[in-house]
Amino acid sequence: MKGTVLPDPDMAQQVFISYASSDKATADRICAALENTGVSCWMAPRNIEPGTDFPTAIVEGINSARAFVLILTDHAAASPHVLSEVGHAFNGKKRIIPFRISQQALPEDLEYFLALTQWLDAPEGCTDQNLKRLIDATLAALAGERVPLPLPQIKNRTTWVAGSILALVVVAGVIVSLKLRKPPKPNPPLPTPIVVNPPITGTSPPGAQIKTWLNPADGLNYAWIPPGTFIMGCSAQDSECKDDEKPTHQVAIEKGFWLGQTEVTVAAYRKNDAKSARHAPAGDGTLPMSGVSWAEAKDYCAAIGGRLPTEAEWEYAARGGNSQPYYGVISQIAWYADNSGDAPHSVGKKQPNAYGLYDMLGNVSEWVLDRYFDKYSFDSVATGPGVEQPLASNALAVARGGFWESDPAALRVSRRLAQETDGGEIPVGFRCASDHP
């Protein structure tokens with residue numbers, strides 16, 4: 001952004017900004033002003049990566065910061081989450097700088113943490129003058145200086161002691177509340193299969209054992225996807241779902257199947273050039289094959305003794321027993337806009353899901369068998385030969401998983417993308433399924 005002074009990478013997360021959600025506009029203004037001076041800031045949800053546990057990320061953000069700026073308004077004073085953040089900063093001996101916009105008396109539990117803290121009174125709000133005072137105070141705190149700011153008055157010793165006891169009780173309650181607010185745990189682990197071949201690369205989830213099979217027709221490893229039941233469509237606690245991800249519905253995958261551990265590579269496609277409708281490009285054979293049409297992907301899978309997975313099979317496999325929008329921390333599982341460098345990467349370099357599948361999100365989008373409709377139908381067939389395919393001239397196909405230029409919202413495991421069957425708009429690749437015994 002023009003005029004912005006980029007913070008020194010070695011001074012990342014110098015200041016944690018604590019605020020109530022109703023005061024986000026003020027927090028954004030303060031953050032921008034501090035970062036224009038070269039002071040980097042940590043703010044939720046801006047600095048919380050999709051797929052990361054929210055309370056854990058906040059605690060880590062506070063621990064990594066050198067100073068703690070509290071935007072103290074009526075909303076913040078009433079927020080148990082702000083209280084918890086202040087408590088963590090207090091216990092971590094962080095330099096707390098309250099920017100007090102509210103003139104109401106502090107709740108006793110919050111007063112306990114701030115009673116001996118120097119603060120800025122800003123009854124006029126976040127004016128240019130008050131903002132400058134806050135910036136000066138923050139820079140002084142980061143430099144280790146004591147800032148001559150007015151101290152809040154403590155009512156009396158009795159009130160202070162009572163407030164101390166009350167604060168300890170409230171903080172304990174807040175910590176329990178944060179733990180209860182964590183996203184639902186994944187479904188119970190699947191029965192441990194027999195290991196035929198180890199995963200090709202990357203790091204498997206702790207304790208996971210993956211059953212794989214090497215398909216001699218294309219030289220790629222396939223992972224066993226056991227039968228089961230799952231909820232298809234908009235994920236739990238996902239606020240970014242599109243209409244075509246609804247209604248959520250239960251789907252039974254009655255028969256297990258094999259699914260390519262990786263997207264079909266350029267080398268594998270090259271190996272089967274004679275059986276396919278197009279030739280693989282020259283170059284790095286470990287890259288995912290892309291730019292193929294839906295029909296070409298379907299023909300390739302048939303030529304190596306497999307098939308395209310249905311949309312339900314793809315989502316079931318991608319989730320790996322996880323009901324959340326992502327099956328892991330997004331930067332650890334996917335190549336996407338923030339880490340790809342605007343290019344695809346060799347397959348299998350990121351962390352796999354619980355079934356041992358790599359790059360189900362990001363790298364290249366993936367064709368599935370089904371025809372695209374703008375909403376799910378409870379009467380539609382999810383698996384088997386009855387699945388409706390995009391065979392009509394005006395039919396659209398479905399691409400899943402996002403690709404290397406996608407933003408996080410486009411990588412959500414339930415996200416669907418309607419595509420012309422020639423796949424001309426985005427880089428679409430695929431992985432094959434197999435009913436090999």
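The values are calculated or read from the model by the stated rules, or taken from the named source; none is laboratory data. None of these values were measured; they are calculated from a predicted model. Cβ placement follows ideal geometry from the backbone for every residue including glycine, while neighbour counts extend to all protein chains displayed.
Structural remarks
- Matching residues in region 385-421 - criterion: being in a loop (DSSP other than H, G, I, E, B) and among the basic types (Lys, Arg): Arg412, Arg415
- The residues on offer are Ile58, Ile17, and the sole one that is part of a strand (DSSP E or B) and either within 23 Å of the chain's Cα centre (by Cα) or closer than 30 Å to Asn322 by Cα (or both) is Ile17.
- Out of Val264, Val292, Val364, Val251, one residue alone is in the same structural domain as Phe230 (by TED's automatic domain parsing) and touching a Pro at 6+ places or on another chain (Cβ under 6 Å). It is Val364.
- Residues of region 229-248 that are part of a strand (DSSP E or B) and surrounded by 15 or more Cβ atoms within 10 Å (Cβ to Cβ): Phe230, Ile231, Met232.
- Hey, Thr73 touching a residue at least 40 places away in the same chain (Cβ under 8 Å) and out of contact with any helix residue (DSSP H, G or I) (no Cβ under 6 Å at 6 or more places or on another chain) or not: no
- Test for Ser380: is it surrounded by fewer than 18 Cβ atoms within 10 Å (Cβ to Cβ) and closer than 23 Å to Lys246 by Cβ: yes
- Residues that are within 19 Å of Gln261 (Cβ to Cβ), free of Cβ contacts under 8 Å to residues at least 60 places away in the same chain and in contact with a Leu (Cβ under 6 Å, 6 or more places away or on another chain) do not occur anywhere in region 277-296.
- Top-ranked residue in region 87-130 [being buried (at least 19 other Cβ atoms within 10 Å of the Cβ) and basic (Lys, Arg); ranked as farthest from the chain's Cα centre (by Cα)]: Arg100
- Members of region 390-425 that are β-branched (Val, Ile, Thr) and over 24 Å from the mean Cα position of the chain (by Cα): Thr421
Matching residues to (1) under 24 Å from Cys126 (Cβ atoms); (2) out of contact with any Asp or Glu (no Cβ under 9 Å at 6 or more places or on another chain); (3) modelled with pLDDT of 85 or more; (4) part of a helix (DSSP H, G or I):
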residue	(1), (2), (3), (4)
Leu6	yes, no, no, no
Asp23	yes, yes, yes, yes
Ala27	yes, yes, yes, yes
Ile30	yes, yes, yes, yes
Ala33	yes, yes, yes, yes
Pro50	no, yes, no, no
Glu85	yes, yes, yes, yes
Ala89	yes, yes, yes, yes
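- Residue within region 321-329 that is in the same structural domain as Arg412 (by TED's automatic domain parsing) and free of Cβ contacts under 8 Å to residues at least 12 places away in the same chain present: no
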